[in-house]
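S.K.: Here it is, the structure, as structure tokens.
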Amino acid sequence: MTGVQTGSVTSLGLADGQVGGNDVADFNIERVCQNFPILREKVYGKQLVYLDSAATSQKPQGVIDAMSRFLLKKNANVHRGVHHLAERATEAYEGARVKAQRFLNAEHANEIVFVRGATEAINLVAQSYGKKHVGEEDEVLITAMEHHSNIVPWQMLCEQKNARLRVAPINDNGELLLDEFERLIGRKTKLVAVTHVSNVLGTINPIRHIVEMAHARGARVLVDGAQAVPHLKIDVQALGCDFYVFSGHKMYGPTGIGVLYGRSELLEEMPPYQGGGDMILSVSFEKTVYNVPPYKFEAGTPNMAGAVGLGAAIDFLAGLEHEALAAHEKEVLAYGTRMLSAVPGLRLVGTAHAKASVLSFVLDGVHPHDIGTILDREGVAIRTGHHCAQPLMSRLDIPATARASLGCYNTRQDIDALVAGLDQVRELFQ
Amino acid sequence: MSSELRDLYQEVVIDHARHPRNFLKLENPTCTAEGFNPLCGDQLTLYVKLAEGVIEDIAFQGDGCAISKASASLMTTELKGKKQEEALALFGRVHALLTEGPKGEENLEGVGKLAALSGIWEFPLRVKCATLAWHTLRNALEGTGARISTELNNHGS
């Protein structure tokens, strides 16, 4: 893996405007699409147009094959057996950990904890780090654009510890108000939990700046990277964050596997999250000695095939030239923004300057759920609803949005199909 | 556009969604209930005025998709003047229509204007949009007063 950069705005070329048409041509979209067998599916006799990657991405053949190969040739329990298969399985599982380490540019492989997904990772940090370090009247700071998975675990912690959950506000474009943010980080703030990219608005948050503000006041920072990892190059050391979490399935990997990155010194002193096998060094009925990180946090037989699939997804992303991928995604997003803005009665929700592959919108006089049903019959799959961000919906004063979200395989033609479907919606309703 | 879509969004449905009937808050209702569909954010409050077991007046307020709004609106127009037991019996027939379709003419019998909802069965994900008003009605009439939800689980990201 070469050229690891920070996951900041400039690495996507969003701010500098230097990404031209030629760069996009370098990205062989046909070849990328060929990797995804499901994209050849037809629904209701129409060609599938998949615009729901922010919910879950589709899986390339390489991921499907890697998981299948693991189960066909290497399956045995990891870290336990002395036999040959156990060794192969352990090698595959730990190999995936090293891939994840390089993917995030973490300093050590033992900073990578395999979990079920971003949600479990956040719960782990809340119930382990949070339980130890957040006390009565302390504060946890989140933002108005968080997914429920980065709200509820903190609410639960705050309730348990009689601590206070505070919320940093956003402007109408869906950008954090950084001055307000800074004012909200106080002496009592123990943790700041913020999404890297909003699943509803597409906003890319200035993580490095947030980390600097938080660290200046002694608060730790957890970054929810679930929506960022398929689009941005991530460098946790450059970002400076204390925890970074993501799910495999939103970045072309399988469901049921994700990563918690935590800085070594933090993971070392954190109490275990769950008890069981693999997370111990020795057990007697009098006393158990816990294993070292990351194993301390991986109780029970892990999702081995999932980890292998995640490793293959990382290989897939590494195999795409990142600058070309980013330029392609930026171009399709810009085209989508332009085309949707031209639809009469349509309003885009989330117009941040720094934005990734999400197009949320509302249409005058039509509920998003009806839009979703009509588009579905045209083969166009989008997400409608509150997107697990009900507080954000309240802030924006809308009950729901329709959301088209983009992956590496989406094209201008997909946007055209979306707009053609919206013409049908308008024909029926307007 | 597919014929299934035309069946789902019949003119009557679009009309009731755009201009819902009995869309107001009743003064002095004898029973009310709230319905909620977290999947798409549909939310309605139903007001019923019962007099000696007869639905003298019925109205609703809320926000939701075309199917949920039209279904609630059509329901209120059909139920005014009906006995409580007749209303609940009609729910049974409407439920069959929504989940099984017209089945020839069998499930259209006695449903009146609610026949406009006969295209929904081909869209299983939308059935609960249409039944929300009816479940809310049952709660209101049975006087539990609880807020009902179409979902007991959460719908992710």
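S.K.: Being β-branched (Val, Ile, Thr), over 20 Å from residue A:335 (Cβ atoms) and within 13 Å of chain B (Cβ to nearest Cβ) is the requirement here; does residue A:366 meet it? Before the answer, list the steps.
M.R.: Working: β-branched (Val, Ile, Thr): yes; over 20 Å from residue A:335 (Cβ atoms): yes; within 13 Å of chain B (Cβ to nearest Cβ): yes.
Yes, satisfied.
S.K.: Those residues that are at pLDDT 95 or above, among the aromatic types (Phe, Trp, Tyr) and under 25 Å from residue A:91 (Cα atoms), I need them from the range A:286-338; list them, please.
M.R.: Result: A:295, A:297, A:316.
S.K.: Okay, next question. Tell me which residues, restricted to the range A:198-224, are touching a Gly at 6+ places or on another chain (Cβ under 8 Å) and within 15 Å of residue A:358 (Cβ to Cβ).
M.R.: If the condition is that a residue be touching a Gly at 6+ places or on another chain (Cβ under 8 Å) and within 15 Å of residue A:358 (Cβ to Cβ), then A:198, A:200, A:201, A:202, A:203 are the ones that fit.
Listed here are the residues, each with its yes/no results for (1) buried (at least 24 other Cβ atoms within 10 Å of the Cβ); (2) in contact (Cβ under 8 Å) with a residue 60 or more places away in the chain; (3) within 24 Å of residue A:306 (Cβ to Cβ).
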site: A:230; (1), (2), (3): yes, yes, yes
site: A:234; (1), (2), (3): yes, yes, yes
site: A:257; (1), (2), (3): yes, yes, yes
site: A:266; (1), (2), (3): no, yes, no
site: A:280; (1), (2), (3): no, no, yes
site: A:284; (1), (2), (3): no, no, no
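S.K.: Further, regarding this structure: Residues in the range A:222-264 that are in a loop (DSSP other than H, G, I, E, B) and hydroxyl-bearing (Ser, Thr, Tyr): how many? Spell out the reasoning first.
M.R.: At the first step, the residues of the range A:222-264 found to be in a loop (DSSP other than H, G, I, E, B) are A:225-235, A:240-242, A:252-257, A:263.
Narrowing the set further to residues that are hydroxyl-bearing (Ser, Thr, Tyr) leaves A:252, A:255.
Going through the range A:222-264 one residue at a time, the tally reaches 2.
S.K.: Right, next: Would you list the helices (runs of 4 or more DSSP H) that sit entirely within the range B:1-102 and hold 3 or more residues that are within 14 Å of chain A (Cβ to nearest Cβ) and touching a Leu at 6+ places or on another chain (Cβ under 8 Å)?
M.R.: Values: elements: B:3-8, B:11-18, B:66-79, B:84-100.
Counting at least 3 such residues, we get B:11-18, B:66-79.
S.K.: Would you pick out the residues in the range A:133-143 that are aliphatic (A, V, I, L, M) and within 17 Å of the chain's Cα centre (by Cα)?
M.R.: The initial filter retains those residues of the range A:133-143 that are aliphatic (A, V, I, L, M), namely A:134, A:140-142.
Passing the criteria: only A:142.
S.K.: Can you run down the residue pairs with Cβ atoms below 8 Å, 6 or more apart or on separate chains, where the first is in the range A:188-213 and within 20 Å of residue A:388 (Cα to Cα) and the partner is of a type in the set (Asp, Glu)?
M.R.: Final answer for the pair search is A:193/A:146; A:193/A:224; A:194/A:146; A:194/A:224; A:195/A:146; A:195/A:224; A:196/A:224; A:203/A:175.
S.K.: How many residues does the range B:55-85 hold that are surrounded by 15 or more Cβ atoms within 10 Å (Cβ to Cβ) and charged (D, E, K, R)?
M.R.: Count: 5.
S.K.: Further, regarding this structure: Could you check, for the range B:111-131, whether at least one of its residues is closer than 16 Å to residue B:34 by Cβ, at pLDDT 90 or above, away from chain A (no Cβ under 14 Å) and surrounded by 16 or more Cβ atoms within 10 Å (Cβ to Cβ)?
M.R.: yes
S.K.: Further question on the same structure: Being within 18 Å of residue A:146 (Cβ to Cβ), hydrophobic (A, V, I, L, M, F, W, C) and outside the structural domain of residue A:392 (by TED's automatic domain parsing) narrows it down to one residue among A:228, A:216; which is it?
M.R.: On the way: A:216 fails: within 18 Å of residue A:146 (Cβ to Cβ).
Every option except A:228 fails the conditions.
S.K.: Okay, moving on. Could you please give the count of residues in the range B:2-41 that are among the charged types (D, E, K, R), within 15 Å of residue B:64 (Cα to Cα) and in contact with a Lys or Arg (Cβ under 8 Å, 6 or more places away or on another chain)? First the steps, then the outcome.
M.R.: Within the range B:2-41, the first condition is being among the charged types (D, E, K, R), and the residues that meet it are B:4, B:6-7, B:11, B:15, B:18, B:21, B:25, B:27, B:34.
Those still in the list that are within 15 Å of residue B:64 (Cα to Cα) too: B:15, B:18, B:21, B:34.
Filter once more, keeping what is in contact with a Lys or Arg (Cβ under 8 Å, 6 or more places away or on another chain): B:34.
Total meeting the criteria: 1.
S.K.: Within the range A:50-74, which residues are basic (Lys, Arg) and within 18 Å of the chain's Cα centre (by Cα)?
M.R.: Residues of the range A:50-74 that are basic (Lys, Arg), as a first pass: A:59, A:69, A:73-74.
Across the range A:50-74, the qualifying residue is only A:59.
S.K.: Just checking, how many residues over the range A:139-150 are in a helix (DSSP H, G or I) and surrounded by fewer than 24 Cβ atoms within 10 Å (Cβ to Cβ)? Walk me through it before giving the result.
M.R.: Step one: list which residues in the range A:139-150 are in a helix (DSSP H, G or I), which gives A:148-150.
If we keep only those that are surrounded by fewer than 24 Cβ atoms within 10 Å (Cβ to Cβ) too, we end up with A:148.
The qualifying residues number 1.
S.K.: In the range A:335-391, what count of residues is obtained for those that are of a type in the set (Gly, Ala, Ser), under 20 Å from residue B:68 (Cα atoms) and in contact with a strand residue (DSSP E or B) (Cβ under 6 Å, 6 or more places away or on another chain)?
M.R.: Number of matching residues: 1.
S.K.: Can you pull out the helices (runs of 4 or more DSSP H) entirely within the range A:23-138 that have at least 2 residues that are surrounded by fewer than 20 Cβ atoms within 10 Å (Cβ to Cβ)? So that I can check it myself, show each step before the final result.
M.R.: Details: elements: A:29-34, A:61-69, A:84-104, A:118-125.
Filter on the range A:23-138 gives A:29-34, A:61-69, A:84-104.
S.K.: Something else now. Can you work out which of the residues in the range A:392-430 that are in contact with a Pro (Cβ under 8 Å, 6 or more places away or on another chain) and within 20 Å of residue A:28 (Cα to Cα) is farthest from the other protein chains (Cβ to nearest Cβ)?
M.R.: Filtering the range A:392-430 for residues that are in contact with a Pro (Cβ under 8 Å, 6 or more places away or on another chain) and within 20 Å of residue A:28 (Cα to Cα), the one farthest from the other protein chains (Cβ to nearest Cβ) comes out as A:408.
S.K.: So, residue A:387, is that one facing another protein chain (nearest Cβ under 8 Å) and within 17 Å of the chain's Cα centre (by Cα) or not? Step through it out loud before you land on a result.
M.R.: On the way: facing another protein chain (nearest Cβ under 8 Å): yes; within 17 Å of the chain's Cα centre (by Cα): yes.
Taking the combined requirement at face value, the residue satisfies it.
S.K.: So, in the range A:151-184, of the ones that are assigned to a strand (DSSP E or B) and within 25 Å of residue A:349 (Cα to Cα), which residue ends up nearest to the chain's Cα centre (by Cα)?
M.R.: Of the residues in the range A:151-184, the ones assigned to a strand (DSSP E or B) are A:164-168, A:170, A:176.
Of the ones still in play, those that are also within 25 Å of residue A:349 (Cα to Cα) are A:166-168, A:170, A:176.
Working: A:166: 22, A:167: 20, A:168: 20, A:170: 20, A:176: 18 Å.
So, considering only residues that are assigned to a strand (DSSP E or B) and within 25 Å of residue A:349 (Cα to Cα), the one nearest to the chain's Cα centre (by Cα) is A:176.
S.K.: Could I ask something else about it? Among (1) crowded, with 22+ Cβ neighbours inside 10 Å; (2) more than 8 Å from chain B (Cβ to nearest Cβ); (3) more than 20 Å from residue A:344 (Cβ to Cβ), which single condition is residue A:375 missing?
M.R.: (3)
The values are calculated or read from the model by the stated rules, or taken from the named source; none is laboratory data. Since we're looking at a predicted model, the values are computed, not measured. Methodologically, a virtual Cβ is constructed for each residue, glycine included, from the backbone with ideal geometry; neighbour enumeration extends over all protein chains shown.
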